[in-house]
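Novice: Pasting in a structure now, in structure tokens, and then I'll have a few things to ask.
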Amino acid sequence: MNHHQETPSFAPDSRQAWVRLGLALLIASIGGAGMWSVVVVLPAVQAEYAASRAAVSLAYTLTMFGFGLGGVIVGRITDRFGIVTAMALSIACTGMSYVLVGLSTTLWQFQAVYFLIGLGASATFAPLMAEASHWFDRYRGLAVTIVAAGNYVAGTVWPPIVNYGTQSVGWRTTHIAIGLFCATSMTLLLAVLRARMNGVAAQSHAHAAPPRLDLGISTNALTVLLCIAGVACCVAMAMPQVHIVAYCGDLGYGVAAGAEMLSLMMGFGIVSRIGSGFLADRIGGLRTLLVGSLAQGFALSFYLFFDGLSSLYVISAMFGLFQGGIVPSYAIIIRETMPAQEAATRIGIVVFATVVGMSFGGWISGVIFDATGSYAAAFINGVAWNGLNLAIVLTLLMLARRQRAAMA
């Protein structure tokens with residue numbers, strides 16, 4: 001088989017690149033089910049096993065841990081063997097795990113298998129973002145954020161489907177059906193994507209653009225700084241996302257209003273995710289992260305001063321509009337500063353840090369609430385963590401400026 005005849009047929013930013021991107025978005029939107037289904041079935045599972053809310057919620061924590069850890073493992077597989085191999089393993093894991101959840105007979109089995117579901121879903125986020133970044137140069141930022149939006153599309157589409165299935169045929173049958181649907185539809189989409197990537201050429205990064213930004217520090221040092229920044233921004237991000245429903249309940253507005261606010265946040269998150277991609281293609285990943293971080297801190301501080309029902313809807317929409325582009329910005333920064341052949345692993349590591357930040361942020365906000373009896377201190381805690389994120393981003397921008405001055 002002659003590789004020289006196969007690979008040069010692809011050019012970054014071409015029509016072929018956009019076709020690949022569309023397929024990647026579909027795969028991400030279907031495979032993202034693993035991030036959201038557990039949230040919907042928690043009450044039904046809790047009732048069946050007569051367990052505490054905390055015990056059942058552990059399944060969500062394990063899902064997030066599997067999702068974060070999987071991003072690193074699957075990212076490494078992607079860098080070594082290509083996205084097609086990585087996605088094939090992910091599809092097998094997702095399909096099998098959903099069927100196993102449907103067949104589980106004890107709560108610990110339900111929890112353990114949800115770790116595997118998180119592992120399967122991980123391939124649809126960090127590794128796919130990394131892969132999409134290799135298909136584009138001029139529109140790289142937009143491409144990365146479109147793939148990342150698949151996670152929010154899944155969060156919009158899947159919960160009503162899972163809820164309907166649970167009400168109609170029970171959560172077990174629903175899980176088995178999801179597993180079979182995901183395995184079948186994602187396998188077909190992956191086969192089309194593989195054909196579009198010329199089979200063997202699917203694991204080559206030969207045509208990916210080289211790094212365009214030098215910060216004057218090692219890739220390991222930069223990865224550590226981005227990880228700390230990722231934890232910090234997501235501790236802040238978790239406060240409204242994890243607690244808005246409970247907060248509305250405490251204020252007497254009811255959980256339904258809180259759920260609507262969360263949905264509003266996710267919807268505007270899709271808008272800001274795509275918008276941040278447009279912005280990154282014009283001003284770069286670092287400046288886009290700075291804008292997102294400043295805006296998130298600004299929106300978060302509004303929760304300290306306003307708690308009326310109408311104002312909470314407005315602030316929640318604003319928060320969604322401001323924060324959706326933050327996590328994909330890290331993927332864009334990594335591709336701007338690091339070699340293509342290690343991008344998926346590095347992005348996986350930083351996304352894992354953001355998952356740790358979300359998990360810790362959700363937990364610590366609850367601890368602060370229990371200690372103080374209100375969410376005010378938890379919002380202040382979020383603003384402080386956001387400040388740490390801002391400090392790191394400003395430091396990296398100063399390093400970039402110093403390098404430019406040194407080379408001038």
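Novice: Looking at the chain, do any whole DSSP H helices span at least 27 angstrom along their long axis by alpha carbon and average -1.0 or above on Kyte-Doolittle, and which?
Specialist: The qualifying helices are 53-81, 83-103, 140-169, 171-196, 219-250, 255-283, 285-305, 343-372, 376-407.
Novice: Rank-order 322-330, 72-80, 39-47 by packing density, defined as the average count of other C-beta atoms within 10 Å over each peptide's residues, highest first.
Specialist: Highest mean packing first, the order is 322-330, 72-80, 39-47.
Novice: Something else about it: For segment 215-320, report the % of Cα-Cα distances exceeding 21 Å.
Specialist: 43 percent
Novice: Then there is this: Need one number for segment 306-358: average projected area of the convex hull over its C-alpha atoms, nm².
Specialist: Value for segment 306-358: 4.5 nm².
Novice: Now a separate question. Any chance you could check the Cα centroid distance between segment 31-85 and segment 298-347 for me, in angstrom?
Specialist: Here the two parts' Cα centres lie 21 Å apart.
Novice: Nothing charged except the Cβ atoms of Lys and Arg (+1) and of Asp and Glu (-1): what's the magnitude of the dipole of the chain about its Cα centre? Round to the nearest 20 debye.
Specialist: Roughly 820 debye for the chain.
Novice: In nanometres, what is the gap between the two model label sites at Asn198 and Leu89, each 7 Å from Cα along Cα-to-Cβ?
Specialist: About 2.5 nm separates the two model spin labels.
Novice: Normalised by the empirical 2.2 N^0.38 Å for globular proteins, what value does the Cα Rg of segment 132-284 take?
Specialist: My calculation over the Cα atoms of segment 132-284 gives 1.36.
Novice: Rank-order 305-317, 136-148 by packing density, defined as the average count of other C-beta atoms within 10 Å over each peptide's residues, highest first.
Specialist: For the peptides 305-317, 136-148, the packing ranking is 136-148, 305-317.
Novice: Where q = 0.17, 0.18 Å⁻¹, what log10 of I(q)/I(0) comes from the Debye formula for segment 1-128, counting one point per Cα?
Specialist: -0.86, -0.93
Novice: Something else: In Å³ and rounded to a whole number, note down the convex hull volume per residue for the Cα atoms of the chain.
Specialist: Output value, Cα hull per residue: 132 Å³.
Novice: Please give me the summed charge of the neighbours of Leu279: other residues whose Cβ is under 15 Å from its Cβ, Lys and Arg +1, Asp and Glu -1.
Specialist: Local charge sum for Leu279: +3.
Novice: In a shell of Cβ-Cβ distance under 10 Å around Leu213, excluding Leu213 itself, what net charge do Lys and Arg (+1) and Asp and Glu (-1) give?
Specialist: +1
Novice: Per Stokes-Einstein, at 20 °C and 1.002 mPa s, what whole-number D in µm² s⁻¹ belongs to segment 332-376, with the Kirkwood radius over Cα pairs as the hydrodynamic radius?
Specialist: Rounded, D is 170 µm²/s.
Novice: Given a 1.4 Å probe, how much area per residue of segment 148-264 is accessible, in Å²?
Specialist: Value returned for segment 148-264: 43 Å² of accessible area per residue.
Novice: Using only helices, what value at 222 nm comes out for the chain when you add -39,500 (n - 2.57) per DSSP H run of length 4 or more and divide by the total residues, to the nearest 500 deg cm²/dmol?
Specialist: Estimated from H runs of four or more residues: -29000 deg cm²/dmol.
Novice: How high is the relative contact order of the chain, in percent, counting Cα pairs under 8 Å that sit 6 or more residues apart?
Specialist: About 24 percent, as a whole number.
Novice: Mean 1/r over all different Cα pairs, inverted: what Kirkwood radius does segment 85-187 give, in Å?
Specialist: Computed over segment 85-187, the radius equals 14.7 Å.
Novice: Which log10 I(q)/I(0) values does segment 283-408 give at q = 0.18 Å⁻¹ under the Debye formula, counting every alpha carbon as one identical point scatterer?
Specialist: -1.06
The values are calculated or read from the model by the stated rules, or taken from the named source; none is laboratory data. These numbers come from a predicted model, not from an experiment. Every residue, glycine among them, receives a Cβ derived from its backbone with ideal geometry; neighbour counts consider all protein chains shown. Heads up: the accessible areas ignore ligands, DNA and RNA and are worked out on the full protein's heavy atoms, side chains in. Shrake-Rupley method; radii C 1.70, N 1.55, O 1.52, S 1.80 Å.
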